[in-house]
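Novice: Attaching a single structure in structure tokens format; questions to follow.
Please treat every number below as a calculation from the coordinates, not as lab data. None of these values were measured; they are calculated from a predicted model. As a convention, Cβ positions derive from the backbone with ideal geometry for all residues, glycine included, and neighbour counts pool all protein chains shown.
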Amino acid sequence: MSTAAAPASIARPQVRLTQNLINGQWVDAADGKTFNTYNPSTGEVIAEVPHSSAEDVDRAVKAARAAFESGPWPKMSAREYGNLLFKLADLIEENKEELAALEVLNNGKPISEVMAADLPLVISTYRYFAGWADKVYGDTIPVDRAMGRFFTYTRKEPIGVAGQIIPWNFPLLMQCWKWSAALATGNTVVLKPAEQTPLSALRVAELAMEAGYPDGVINVVQGLGDTGAAITEHPGVDKIAFTGHYETAQKIMASASKTLKRITFELGGKSPNIVFADADIDTAVQGAMAGIFFNQGEVCCAGSRLFVEEAVHAEFVDRFKQMAESRRIGDPFDPATEQGAQISQEQFDKIMGYIESGKKEGAQCITGGERVGDKGWFIKPTIFDHVNNDMRIARDEIFGPVVTVLPFTDHKQLIAQANDTVYGLAAAVWTRDITKAFNIANNVKAGTVWVNCYNTFDAGAPFGGYKFSGQGRECGRDALNNYLETKTVWVNLGDE
Ligand code: NAI
Ligand code: MG
């Protein structure tokens, strides 16, 4: 992850784009309905955005279908798909401060993080998949000679129209993970941003049109869950890519089953972050901080179950608490701010509910546990100590700045405890002992394992989950397969 410092200050943006983008046109919902989008750091309404109905979704899907079947898009070469993505990445880079400001305004995350983490990842990921576009190809297959002489080969073809439904915690990055792989492989897309964060996607869509995407290749429909459901039900959509809660994924799977859509999911987690007594405690404490408090804890792979070996538990927790208490919370536009606001009243209430539940279940809240200020949705970094794995706060994804510390002694039970969750997105281990590190890396059921690090991401490194944390992988070569069909062609070469 880049560590580029945020500029001294970034201007608060003017919100210009709020409409849907369908077939290259900016349009309102057909029935004129809207919903409000908020600034999480003040609780104030920023703008009204179209609440799209099934009719709007139908228009977007028809545009995406026409662009896929008969527009200029299917006649373009893979190299042109790559060049368009390179162009888009360049335009995002040229406009990164404006995009960062929109993200901060609508999400509440600190500007320093958006500039150091979100945007560099977005730009490098568009470029990474731009590079793949003209390197996707099939095989020639040696087949049984007894049947005759054949030239048999595979073609990698785009699936078609991809419906993409994304969450609010990393709006620009989630759009990028969905668009970059889909567009590099020649699909067309209908994106529904999260209702909490509709704004930044529209500016990227405008830049994509400027880059030269033909009308209908990219479409953005704004809306709530019912808008997402209309995408999953639409028979003209070939594939759904979703990031969010597993209960929503269950609904999507049921709905998409009627038309047997291809599906990939990136869902939540309750990731174990394991600190052995032989670890470098200073870096492990910093890793625990980044693991849970990065992005206000609104991270699918947050290290929310912190297993600490008993021998260093007291010392570790003491330093961790001090660091948590020194964290700067407040105006996300202030470059010195380390932690911004939670996304919404709903998430704020959910997190506060878990804090109450942890106290009732007998865990010790050693710091935090309360709101900061009286406007906006800010919550203090919160540490629960002496948690056991059966408590609700250790089982459910809280998706906020709340960590559960679980002291351990028995190394054999540790793996079983770490895996005792429905989730399997990520895990981390802090140790100087290579045997312990590999033991965890091999035996924990998770899509990513970090050894002496946390939250490192790269466009080339596959990311996704075991179990309830998802299916399929984003980033890396693996992500291309989310958007490809394999066609096998047999050519009879006749007699020699
Ligand atoms: P959600 O899963 O309900 O929403 C994510 C997206 O799905 C949004 O765009 C939403 O409009 C859409 N959606 C909602 N219902 C739908 C349906 N029936 N069909 C199709 N699309 C639908 O997540 P929500 O309500 O925003 O957050 C609830 C919890 O989910 C969070 O507290 C957190 O635990 C988890 N979550 C996990 C994320 C991750 O990165 N894995 C991201 C966001 C939330
Ligand atoms: Mg929901």
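Novice: Hey, got the dipole for region 34-155? About the Cα centre, +1 on K and R Cβ, -1 on D and E Cβ, debye to the nearest 20?
Specialist: Here region 34-155 has a charge dipole of around 920 debye.
Novice: While we're on this one: To the nearest 10 degrees, how steeply does helix 171-184 sit against the main Cα axis of the chain, on a 0 to 90 scale?
Specialist: Helix 171-184 sits roughly 30 degrees off the main axis of the chain.
Novice: Report the far tail of the P(r) of region 1-124, meaning the percent of Cα-Cα pairs longer than 25 Å.
Specialist: Cα-Cα pairs of region 1-124 separated by over 25 Å account for 44 percent.
Novice: Could you tell me the distance between the Cα centroids of region 379-444 and region 62-78, to the nearest Å?
Specialist: 47 Å
Novice: Tally Lys/Arg at +1 and Asp/Glu at -1 over every other residue whose Cβ is under 11 Å from the Cβ of Ala284; what's the total?
Specialist: Numbers: positive: Arg319, Arg432; negative: Asp278, Asp280, Asp282, Glu309, Glu315.
Value of the local net charge: -3.
Novice: To continue, here is another question. Explain nothing, just the number: relative contact order of the chain, from Cα pairs under 8 Å at least 6 residues apart, as a whole percent.
Specialist: Numbers: 1155 pairs, mean separation 95.3, N = 496.
19 percent.
Novice: In sequence order, what are the phi-derived ³J(HN,Hα) couplings for region 436-448 according to the Karplus relation 6.51 cos²θ - 1.76 cosθ + 1.60 with θ = phi - 60°, rounded to whole Hz, with x for glycine and proline?
Specialist: Values, residue by residue: 5, 4, 5, 4, 5, 4, 7, 9, 7, 8, 7, x, 9 Hz.
Novice: In the chain, if the dipole is taken from +1 on Lys/Arg beta carbons and -1 on Asp/Glu beta carbons about the Cα centre, which of Val444, Leu199, Ala311 is farthest to the positive end?
Specialist: Sorting the options by dipole projection puts first Val444.
Novice: Relative to the first principal axis of the alpha-carbon coordinates of the chain, what is the inclination of helix 119-132, with its axis defined by its Cα atoms, in degrees from 0 to 90 and to the nearest 10?
Specialist: That helix lies at roughly 30 degrees to the long axis.
Novice: Among bridges DSSP assigns within region 362-496, what percent are antiparallel (round to 5)? Walk me through the numbers before you get to the answer.
Specialist: Details: 6 of 13 bridges.
The antiparallel proportion sits near 45 percent.
Novice: Can I ask one more? Classify region 346-414 from the C-alpha gyration tensor, please: rounded if a/c falls under 1.5, else prolate or oblate depending on whether a/b exceeds b/c.
Specialist: The shape class here is prolate.
Novice: Which of the lysines could a cross-linker span from Lys445 if the Cα-Cα distance has to be under 18 Å and same-chain partners fewer than 8 positions apart are dropped?
Specialist: Within reach: Lys270, Lys412, Lys436, Lys467.
Novice: Counting Lys and Arg as +1 and Asp and Glu as -1, each charge on the Cβ, what is the dipole of region 350-496 about the Cα centre in debye, to the nearest 20?
Specialist: Values: 16 positive and 17 negative charges, 104 e Å.
Here region 350-496 has a charge dipole of around 500 debye.
Novice: Order these peptides, 443-454, 398-409, by their mean beta-carbon neighbour count within 10 angstrom, highest first.
Specialist: Going by the mean number of other Cβ atoms within 10 Å, highest first, we get 398-409, 443-454.
Novice: Right, another one. Using modelled amide H (1.01 Å from N, peptide plane; none on Pro or chain starts), what sits under 5 Å from the amide H of Thr152, excluding residues fewer than 5 places away?
Specialist: Sorted by chain and number, the residues that satisfy this are Ile141, Val491.
Novice: Rank by packing, highest mean first: peptides 382-388, 178-184, with packing defined as the count of other Cβ atoms within 10 Å averaged across residues.
Specialist: 178-184, 382-388
Novice: Could you work out the mean projected area of the convex hull around the alpha carbons of region 200-318, in square nanometres to one decimal?
Specialist: With the hull built on Cα positions only, its mean projection is 10.9 nm².
Novice: What does the charge count around Ala194 come to, taking other residues whose C-beta lies under 14 Å from its C-beta (Lys +1, Arg +1, Asp -1, Glu -1)?
Specialist: With Lys, Arg at +1 and Asp, Glu at -1, the net is -3.
Novice: Continuing with the same structure: Over region 151-265, what is the relative contact order in percent, taking alpha-carbon pairs closer than 8 angstrom and at least six residues apart?
Specialist: 30 percent
Novice: Can you tell me the order of 110-123, 411-424 when each peptide is scored by its average per-residue count of other Cβ atoms within 10 angstrom, highest first? If you can, show how the numbers build up before the last one.
Specialist: Details: 110-123: 23.6, 411-424: 17.5.
Highest to lowest by the protection proxy: 110-123, 411-424.
Novice: Follow-up question, since we're still on this one. Within a Cβ distance under 10 Å of Lys156, other residues only, what is the Lys/Arg minus Asp/Glu net charge? Walk me through the numbers on the way to the answer.
Specialist: On the way: positive: Arg155, Lys487; negative: Asp139, Glu157, Glu485.
It works out to a net charge of -1.
Novice: Which Cα, out of Pro120, Gly268, Gly82, lies furthest along the positive dipole direction of the chain (beta carbon charges, K/R +1, D/E -1)?
Specialist: Among Pro120, Gly268, Gly82, the one farthest towards the positive end of the dipole of the chain is Gly82.
Novice: Could I ask something else about it? Could you work out the mean projected area of the convex hull around the alpha carbons of the chain, in square nanometres to one decimal?
Specialist: Mean projected area for the chain: 25.3 nm², to one decimal.
Novice: Follow-up. Find the centroid of the Cα atoms in region 181-250 and in region 275-322, then give the distance between the two in whole Å.
Specialist: Distance between centres, Cα-based: 36 Å.
Novice: Would you mind telling me the antiparallel percentage of the DSSP bridges in the chain, rounded to 5?
Specialist: For the chain, the DSSP antiparallel bridge percentage is about 45.
Novice: So, with +1 on the Cβ of K and R and -1 on the Cβ of D and E, and no other charges, what is the size of the charge dipole of the chain about its Cα centre, to the nearest 20 debye?
Specialist: 920 debye
Novice: Which three numbers, in whole Å and largest first, are the semi-axes of the equivalent ellipsoid of region 117-208 derived from its Cα gyration tensor as √(5λ)?
Specialist: Sorted largest first and rounded, they come to 37, 14, 10 Å.
Novice: Taking Cα atoms, how many degrees apart are the long axis of helix 281-293 and the longest axis of the chain, rounded to 10 and kept between 0 and 90?
Specialist: The angle comes out near 60 degrees.
Novice: So what is the 222 nm mean residue ellipticity for the chain from helices alone, if each DSSP H run of at least 4 adds -39500 (n - 2.57) and you divide by all residues, rounding to the nearest 500 deg cm²/dmol?
Specialist: That comes out to -11000 deg cm²/dmol.
Novice: Give the lysines whose C-alpha is closer than 18 Å to that of Lys321, dropping any in the same chain fewer than 8 places away, or say none.
Specialist: Lys359, Lys380
Novice: A follow-up question, please. Pop out the ³J(HN,Hα) list for region 76-89 in order, Karplus 6.51 cos²θ - 1.76 cosθ + 1.60 with θ = phi - 60°, rounded to Hz; leave Gly and Pro as x.
Specialist: Karplus-based 3J(HN,Hα) across region 76-89 equals 6, 7, 4, 5, 5, 4, x, 5, 5, 5, 4, 5, 4, 4 Hz.
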